[in-house]
Amino acid sequence: MGLLATCASGAFAVTNEAPYLGDTDRDGKVTIRDAVLILRKSIGLSKIENQDILLGDLFPLRGVGKRPIGDGELTPSDAISIMSISLGRNTIFQAATPSTVSTVAGTSQAGFGDQPGRIRFASPSGVAVDGMNNVFVADRNNRRIRVITPDGDVKTLAGSGAVGLADGAGDAAQFTQPTSIAVSPAGDVYVIDTNRLRRVSPDGTVTTLAGGDPGFADGVGTAAKFNDPRGIAVDSLGYIFIADTGNNRIRRVTPSGQVDTYAGAALGSLLVQPTGVAVDQDGYVYVADAGANRIRRVGPDGLIVTLAGGPDRSNQDGIGLAAKFNLPQAIAIDSAKNLFIIDTGNYTVREMLPNGQVSTIAGKGNVAFADGLALNAGIGLSRGIAVDSSGNVFIADETNNRVRRLNTK
């Protein structure tokens, strides 16, 4: 943050050229004039530009020594906050680089194509990122596994596009409905395909690791049974965790295909249609428990605790149980143990910090497509989320047939 100085008029001035929150006319000072400008824009007397939202969206003011979190729009309350800064009653904050949502690949038109300028997806429902920042996509209605390289090139790793369950290499393999996807430290890609767990090796060879007909059974390989599994994650040792939604359980699968029940009804801990899982480096499993509108954590000892949310479907930021969700269906975690949650029913992305603070970081609450500033972005029905080593969040936007990126830095 730059040095601050008080002007003779009492306004706060900055001594470098970086923009500061409240300095909407960019004259190096936060004054009453800035408050009037935002007031005029908030009531429709002047046109609102993206820079106005970046510098003028201050309400509600929160936190000390960091950027306040606005509500994504300009209101008279923002003008009042700027007025308070100009009078020295509130802290001045340096404007951070705005969070934005952009399209990585795909268009509104569903279809299939890997060629530049003609890249198409059809209801992509799962995303995962490997250590090289390649993004893997479960392209559900194309029945293929796709890869987006860091350079933006798209290629098909496996799947012919025909409906089926054939194992094999590349386009000799078939999928029925690949919905969720995860990458192991060794580079193997694991895919939920109906009631089966499929593995795709780095060379594109597909094998069925576990599952078959719907039901419930622990066991090895095809002797194990799942019931509408939806979420998947892999830990640092290569163990696969699956949100077995229809069985209200979290299942664990070894790399050799041994399936057991890790948490859920059979172990005396109630889960209600869990749909998303993530695993941290210490072995804790985080669950998007969609039917209960809660975020849960399962310890290595099997103990389940509720971190946030409650029984009512709603949309409310807050700490722990004060926060509310509406069908949270997917979850990812970064190296700092920040959780990123697809709040499906609210069409938003929520972030949960290790201290339990839940905030809305992207989405304006409706399905209409729009890239741009994160809180103004339109995010469709989404059930897949992943985060890379740089903190970029990737979203499988089924409604809009796109893979989206949320820049959180």
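In region 225-246, what count of residues is obtained for those that are assigned to a strand (DSSP E or B) and of a type outside the set (Lys, Arg)? The total comes to 10. Step by step: first the residues of region 376-406, then only those that are surrounded by fewer than 23 Cβ atoms within 10 Å (Cβ to Cβ) and either more than 27 Å from Val183 (Cα to Cα) or of a type in the set (Lys, Arg) (or both), then the one that is farthest from the chain's Cα centre (by Cα). Which residue is that? The residue in question is Asn376. Annotation: of all residues in region 116-149 being more than 16 Å from the chain's Cα centre (by Cα) and among the hydrophobic types (A, V, I, L, M, F, W, C), the one that is surrounded by the fewest Cβ atoms within 10 Å (Cβ to Cβ) is Met132.
Set side by side, the residues Asp280, Asp289, Asp317 differ, and just one is modelled with pLDDT of 95 or more, of a type outside the set (Phe, Trp, Tyr) and more than 20 Å from Ile192 (Cβ to Cβ), which is Asp280. Applying a threshold of 6 Å to beta carbon distances and a minimum spacing of six or more residues, or different chains, the list of pairs starting in region 101-116 at a residue that is modelled with pLDDT under 95 and ending at one that is small (Gly, Ala, Ser) reads Val101/Ala362; Val101/Ala374; Val101/Ala377. Counting only residues that are without any contact (Cβ under 8 Å) to a residue 40 or more places away in the chain and either part of a loop (DSSP other than H, G, I, E, B) or closer than 23 Å to Asn141 by Cβ (or both), region 212-224 holds 6 of them. Scoring Gly302 on the criteria (1) in contact with a Phe, Trp or Tyr (Cβ under 8 Å, 6 or more places away or on another chain); (2) free of Cβ contacts under 8 Å to residues at least 24 places away in the same chain leaves a single failure, condition (2). Just one residue in the set Ala96, Ala5 is modelled with pLDDT under 65, surrounded by fewer than 19 Cβ atoms within 10 Å (Cβ to Cβ) and outside any loop (DSSP other than H, G, I, E, B); that residue is Ala5. Of all residues in region 293-304, exactly one satisfies the criterion of being under 13 Å from Phe241 (Cβ atoms), at pLDDT 90 or above and open to solvent by 50 Å² or more (accessible area, probe 1.4 Å), namely Arg297. Filtered by the rule that a residue be in contact with a Leu (Cβ under 7 Å, 6 or more places away or on another chain) and within 21 Å of Val135 (Cα to Cα), region 362-384 gives Ala362, Ala374.
Residue-wise test of (1) touching a strand residue (DSSP E or B) at 6+ places or on another chain (Cβ under 7 Å); (2) farther than 30 Å from Gly283 by Cα.
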| site | (1), (2) |
| --- | --- |
| Lys337 | no, no |
| Gly345 | no, no |
| Met352 | yes, no |
| Gly356 | yes, no |
| Asp371 | yes, yes |
| Gly378 | yes, yes |
| Gly384 | yes, no |
| Asn392 | yes, no |
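Checking region 317-335 against the condition returns no match, with no residue being among the hydroxyl-bearing types (Ser, Thr, Tyr), touching a residue at least 40 places away in the same chain (Cβ under 8 Å) and either surrounded by 16 or more Cβ atoms within 10 Å (Cβ to Cβ) or assigned to a strand (DSSP E or B) (or both).
Listed by first and then second residue, the pairs with beta-carbon distance under 6 Å, at least 6 apart or on different chains, first residue in region 353-378 and closer than 18 Å to Ala332 by Cα and in a loop (DSSP other than H, G, I, E, B), second open to solvent by less than 30 Å² (accessible area, probe 1.4 Å) and hydroxyl-bearing (Ser, Thr, Tyr), are Gly363/Thr348.
Inclusion of Arg33 among residues that are part of a helix (DSSP H, G or I), more than 25 Å from Val393 (Cβ to Cβ) and at pLDDT 80 or above is warranted.
Listed here are the residues, each with its yes/no results for (1) under 26 Å from Ala263 (Cα atoms); (2) touching a Ser or Thr at 6+ places or on another chain (Cβ under 9 Å); (3) part of a loop (DSSP other than H, G, I, E, B); (4) not polar (S, T, N, Q).
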site: Ile145; (1), (2), (3), (4): no, yes, no, yes
site: Gly152; (1), (2), (3), (4): no, no, yes, yes
site: Thr179; (1), (2), (3), (4): yes, yes, no, no
site: Leu197; (1), (2), (3), (4): yes, yes, no, yes
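Check whether at least one residue in region 216-223 is modelled with pLDDT of 95 or more, of a type in the set (Phe, Trp, Tyr), open to solvent by 10 Å² or more (accessible area, probe 1.4 Å) and touching a strand residue (DSSP E or B) at 6+ places or on another chain (Cβ under 6 Å), and report yes or no. Looking through region 216-223, at least one residue is modelled with pLDDT of 95 or more, of a type in the set (Phe, Trp, Tyr), open to solvent by 10 Å² or more (accessible area, probe 1.4 Å) and touching a strand residue (DSSP E or B) at 6+ places or on another chain (Cβ under 6 Å). Of the residues making up region 305-316, those that are open to solvent by 20 Å² or more (accessible area, probe 1.4 Å), of a type outside the set (Lys, Arg) and either closer than 20 Å to Val349 by Cβ or touching a residue at least 60 places away in the same chain (Cβ under 8 Å) (or both) number 4.
Of all the residues in region 272-316, those that are part of a strand (DSSP E or B) and closer than 19 Å to Ser180 by Cβ number 14.
The values are calculated or read from the model by the stated rules, or taken from the named source; none is laboratory data. Quick caveat, the model's predicted, so the values are computed rather than measured. In this analysis, Cβ positions are derived from the backbone assuming ideal geometry, glycine residues included, and neighbour counts consider all displayed protein chains. Note: accessible area is taken over every heavy atom of the protein model, side chains too, but ligands, DNA and RNA are not part of it. Shrake-Rupley method; radii C 1.70, N 1.55, O 1.52, S 1.80 Å.
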